[in-house]
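Values quoted throughout were computed directly from the atomic coordinates according to the rules given, and no laboratory measurement underlies them. Please read these numbers as outputs of a predicted model, since none were measured by experiment. Note that each Cβ is placed from the backbone with ideal geometry, even for glycine, and that neighbours are counted across all protein chains shown.
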């Protein structure tokens, strides 16, 4: 077993649709994509965000872009114009995801 | 129409308030045939509704006035057309304003088109009586208990095509779905059929290709090196970031590029990053005109600052259109305080104790509040790793953001003026930030619903300058 930091093998961008935040995670290579596909599960992402994401996290695989797309429900404290958070639009969910570490 | 025809569209506005400099550079270099501007985020519509309630001649993004002064004279002179949703909630008033600003500069003969029919705020009662407006996510029935601030249907590209077919130089649309601004341009140039029940797979693929090109452009500089983790540490300049330009061919294939003499970068990574942005299921990206399947796309770098996108697939459009209703739910207010070394963290905790004690005695109860620690968990809240108390006490400085949600606008004044006394009565070494913290930001709920297409009638009208 070894630890892989997501920031070392991928980049990410996130954005909002009302109270839903999506985080696109783009692997640096095809091999990195396989690693992410195997180890970066929606359960792990939900756990990493803890109380920030109240609803479910759905993962879409996007092989053509070597990317995974995580759609996080009830994730923005009610949505952009209801949220008390500084990151009311979830633009920084990407940064927090990049901080994840995977046991591979 | 020759098959090697290429249409050049630049995405030069990503939001209400974006810089016009990227657009100016592209116009000066004559590097595009069209500028596509998107200024309507969900929240923007509620801001515009507030403007319109204050003054019925407003209700459109005001930067259209700056564009009419400095950008449109140049686009008209160069024959470059501008397609924007900056008509907002009041395209007719936006067009009158643009017309008067152009006339004041001695410009005549230009055609401004407006596209309306998306705004349903005055029809909500009727629609509810028809049994419509249920929340498309929860199924809940709509209620007027919370005041509706706006109600706009995402409409498709047909109006944009019609306006261009009629010779429009500037299109000021209402809530045309962002990427449909692009699709309308391409449908006009390549004579693609948008509406029709029996479109062939090839026709659907073309529509889908246009949508994806529009999706890449709709956030402006975010496609050409802005906001890009994948290009960090960004070995290019950002002060003069070159906005994205799409070169679209008749078969729907698109090469994304940017001006070589501007900053930013166009790479497979920058386009990939924008493609995943605000998309849910990549196999079913829903738009008013076509459902897009992005899972088979081919994205390749074909040269410096040149990225080619092909093989976008289309499926029939969704049966109904999406409408979003804004609902007034109260206000959000905030204030900031900063605490220096020593004991920065303990001082914050003492300050909080004072705030809570004072608020208990207020005639306007503050019930919904949060204390957020800038430099610790301001952005990622409880998900951020928490340093030890000792480490926090040793920081040079820490910030406290107090944010409250409230129904009565008077609550914010009471809440924040009542705690200013802690500047003298509270812990030592506190900096209040006069002028920071905006009181009474409108707290807005967004109610998504589906509406039958036959109840939506987009109208395109031409106004001559």
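Stretching residue B:236 away from residue B:103 to a fully extended chain increases their span by 43.9 nm, per 0.36 nm per residue minus the current alpha-carbon distance. So how tilted is helix B:344-360 from the main axis of chain B? Cα-based, degrees 0 to 90, rounded to 10. Taking Cα atoms only, the helix is inclined about 90 degrees. With the simple spin-label model, which puts each label point 7 Å out from Cα in the Cβ direction, the residue A:58 to residue B:300 separation comes to 3.3 nm. Between residue B:126 and residue B:195, the FRET efficiency from the beta-carbon distance, with R0 = 35 Å, is close to 0.90.
Of the peptides B:142-151, A:74-83, B:440-449, the ranking by mean beta-carbon count within 10 Å, highest at the top, reads A:74-83, B:440-449, B:142-151. Using Cα centres only, tell me the gap between the range B:119-191 and the range B:65-103 in whole Å. Going from one Cα centre to the other spans 21 Å. Largest first and in whole Å, the equivalent-ellipsoid semi-axes of the range B:325-446 read 26, 18, 11, each the square root of five times a Cα gyration tensor eigenvalue. How big, in percent, is the set of alpha carbon pairs in chain B lying more than 27 Å apart? Summing the P(r) of chain B above 27 Å gives 61 percent of all pairs. Exposure proxy shown here: for A:59, B:272, the number of other Cβ atoms within 10 Å sets the order, fewest to most, as A:59, B:272.
Scoring A:5-11, B:284-290, B:250-256, B:359-365 by mean Cβ neighbours within 10 Å over their residues and listing the highest first yields B:284-290, B:250-256, A:5-11, B:359-365. By the count of neighbouring beta-carbon atoms within 10 Å, fewest first, B:419, B:245 end up ordered B:419, B:245. Over the protein assembly as shown, the hull volume per residue, using the convex hull of the C-alpha atoms, is 164 Å³.
Set the Förster distance to 25 Å, then compute FRET efficiency between residue B:356 and residue B:55 from the Cβ-Cβ distance, nearest 0.05.
In this case the efficiency is close to 0.05.
Counting Cβ atoms of other protein chains within 10 Å of each Cβ in A:55-67 and taking the mean gives 4. Shielding by partners for peptide A:18-24, expressed as the average number of C-beta atoms from other protein chains within 10 Å of each residue's C-beta, is 4. Across peptide A:73-84, the mean count of Cβ atoms from other chains lying within 10 Å of each residue's own Cβ comes to 5. Using only Cα atoms and rounding to the nearest 10 degrees, what angle (0 to 90) does helix B:42-54 make with the longest principal axis of chain B? Once rounded, one gets 80 degrees.
Once both labels are positioned 7 Å from their Cα atoms along Cα-to-Cβ, the gap between residue A:92 and residue B:141 label points is 4.2 nm. Of the peptides A:39-49, B:166-176, B:389-399, the order by per-residue mean of other Cβ atoms within 10 Å, starting with the highest, comes out as B:166-176, A:39-49, B:389-399.
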